[in-house]
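**Student:** First the structure, which I've put down as structure tokens, then a few questions once you've had a look.
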Ligand SMILES: Nc1ncnc2c1ncn2[C@@H]1O[C@H](COP(=O)(O)OP(=O)(O)OP(=O)(O)O)[C@@H](O)[C@H]1O
């Protein structure tokens, strides 16, 4: 990102001429006081909101000016995102929520079910596969959202407060998954207030 500038209407600008770069295989923590803009920065980098000015490049290609359809395609192919509040679709089962990203990519449901179940099992929530999001805890929802984000082996994985609702053992499982993605060459960027997660990251970017 180069010269990134962004602010919400009627709120003081959050980013002004901001520069940063992230490499493959990196696990990076974004830290900063509440309201400083950590979530917003993830949304900008994940092409969910457009900067007022500046450039965002992905694998050397400029992507901030792409039309919405191409941005959506790039997100489906290369980006995994775990929202702070998990944001699961309440009308669908846990399993169908995890499978959602495959459907966007045109991969058949049947071909992906075993992978989805394996991920749910890894994060200790496989017994919730047929439940609806309204029937599970916040910590379970967070792990299920991570399963959904990992389904496509994303080249970039963003996670917003991914350990906020988790006990230490679950948080360690999540950290191990981040490490594994980074070892596979992905860039993993987490916004977090969790000091034990920050300690485990390769570097910290403080806002
Ligand atoms: N859609 C919006 N419209 C206007 N202001 C917004 C909007 N979303 C966020 N903000 C404001 O932008 C600022 C940054 O919010 P953001 O959620 O990015 O911060 P954060 O560092 O992730 O906070 P936290 O640690 O509390 O999650 C806050 O002051 C917030 O109130």
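**Student:** Set the Förster radius R0 to 22 Å, insert the Cβ-Cβ distance between residue 65 and residue 26 as r into 1/(1 + (r/R0)^6), and round the FRET efficiency to 0.05.
**Tutor:** Rounded to the nearest 0.05, the efficiency is 0.30.
**Student:** Tally the DSSP beta bridges in the chain and give the antiparallel ones as a percent, rounded to 5.
**Tutor:** In the chain, DSSP labels about 25 percent of beta bridges as antiparallel.
**Student:** Enumerate the whole-percent occupancy of each 5 Å bin, from 0 to the last occupied one, for all C-alpha pair distances of the chain.
**Tutor:** 1, 7, 15, 19, 20, 16, 12, 6, 2, 0
**Student:** What's the percent breakdown of Cα-Cα distances in the range 84-201 across 10 Å bins, shortest bin first?
**Tutor:** Result returned by the calculation: 14, 48, 33, 5.
**Student:** If you don't mind, there's one more thing I want to ask. Can you give the helix-only mean residue ellipticity at 222 nm for the chain, where every DSSP H stretch with n ≥ 4 adds -39500 (n - 2.57) and the sum goes over all residues, rounded to the nearest 500 deg cm²/dmol?
**Tutor:** After summing the helix terms and dividing by the residues of the chain, the value is -11500 deg cm²/dmol.
**Student:** Expressed as a rounded percentage, what relative contact order does the chain have, with Cα pairs under 8 Å and six or more residues apart?
**Tutor:** 31
**Student:** Here's a follow-up. Give me 41, 120, 66 sorted ascending by neighbouring Cβ count inside 10 Å, so fewest comes first.
**Tutor:** In order of increasing Cβ crowding within 10 Å: 66, 120, 41.
**Student:** Let me check against my output: what whole-number percent is the relative contact order of the range 1-117, with C-alpha pairs under 8 Å and at least 6 apart?
**Tutor:** Averaging sequence separation for qualifying contacts and normalising by length gives 19 percent for the range 1-117.
**Student:** Sorting 1, 48 on the 10 Å Cβ count, fewest up front, what's the list?
**Tutor:** Taking fewest neighbouring Cβ atoms as first place, the list is 48, 1.
**Student:** Using only Cα atoms, tell me the angle between helix 109-122 and the longest principal axis of the chain; keep it within 0 to 90° and round to the nearest 10.
**Tutor:** So the helix axis and the longest Cα principal axis differ by about 90 degrees.
**Student:** Using Cβ contacts closer than 10 Å as the measure, can you line up 173, 199, 31, 204 from fewest to most?
**Tutor:** 199, 204, 173, 31
**Student:** Roughly what angle does helix 94-104 make with the longest principal axis of the chain, taking Cα atoms, 0 to 90 degrees, to the nearest 10?
**Tutor:** 50
Each reported figure results from applying straightforward, stated rules to the coordinates on display, with no laboratory input. Since this is a predicted model, take the numbers as computed values, not measurements. A quick note on method: Cβ atoms are made from the backbone with ideal geometry, for glycine too, and the neighbour counts reach across all protein chains shown.
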